[in-house]
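Taking it in order: structure first as structure tokens, then the write-up.
Just so it is clear, none of the values below were taken in a lab; they were calculated from the coordinates. Owing to the predicted nature of the structure, the values given are computational and were not obtained by experimental measurement.
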Amino acid sequence: MSGETMESSLEESRPNEDMYDAHGPSEHRRELADRLIRRLEVKDHNSIFEMISGKAYYGGSLLMILVFFYWIFIHSANDNPDIGVSILMSLEFPNVAIAVMLFGLLSAFFRDYSRELGQLLPSLVSGALIIVCGFYFLEPLVYGLVTNDLEIQTAVWRSVRLGLLWGGVTYCAHFLVDASLLLWLKQFCANHDIDISPMAEEPVHSPQDESIA
């Protein structure tokens, strides 16, 4: 009898655990989905497909433009890499440009995901990576102003190219993060049979209507 009683008590406790698993984590996901719908201004369920395609398209195009920019204006440019080697990790200028692209992209990824998920660690990493990118961006100018090894025109041109790469990957990351979040939103709505209804527009009240009323 004691064994049957124990088994019956376990069976009674299982629905409660299932309810906790169903309503606990999914509540946070529903809040995330609602926040994404409002921030990204998702009109209806069908518009998610167009938004994913559009943001991924622009993100991929911008990323390829940055790759061509690096290849033409940095890798193939007549710029002596032995002059103005960075004191941070002893990187030459072409490698510094790659580091700025990589760290800038990761920083923007971590910052956007931290904003949506409300986590602390990604923001800390993003802030640290921004400082590294800023150091690489300002270092050529300091070399040109303080030392005689690097001409001031070359120093300014290096910082300009690094700034363009940094800003480009940051802007590109926004498209890619939004596309990945929209992809998650689409899958979440499909798994839970959630239909995003068209956003209702608020009626505009004119002063004449108020005076008549």
Could you tell me the extents of segment 51-140's C-alpha atoms along the three principal axes, largest first, rounded to whole Å? 43, 30, 15
If you bin the C-alpha pair distances of segment 32-194 every 10 Å from 0, what whole percents do you get? 10, 33, 27, 17, 10, 3, 0
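Determine the equivalent ellipsoid of segment 112-182 by diagonalising the alpha-carbon gyration tensor, then write out the semi-axes as square roots of 5 times the eigenvalues, largest first, rounded to whole Å. It would help to have the intermediate numbers written out before the result.
On the way: eigenvalues 211, 41, 4 Å².
Listed largest to smallest, the semi-axes of segment 112-182 are 33, 14, 5 Å.
Between Val142 and Glu31, what length comes free when the chain is fully extended (0.36 nm per residue of separation minus the Cα-Cα distance, one decimal in nm)?
Working: separation 111, 0.36 × 111 = 39.96 nm, distance 4.72 nm.
Difference between extended and current length: 35.2 nm.
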Seen from all sides and averaged, what is the projected area of the convex hull of the Cα atoms in segment 92-146, in nm²? 3.8 nm²
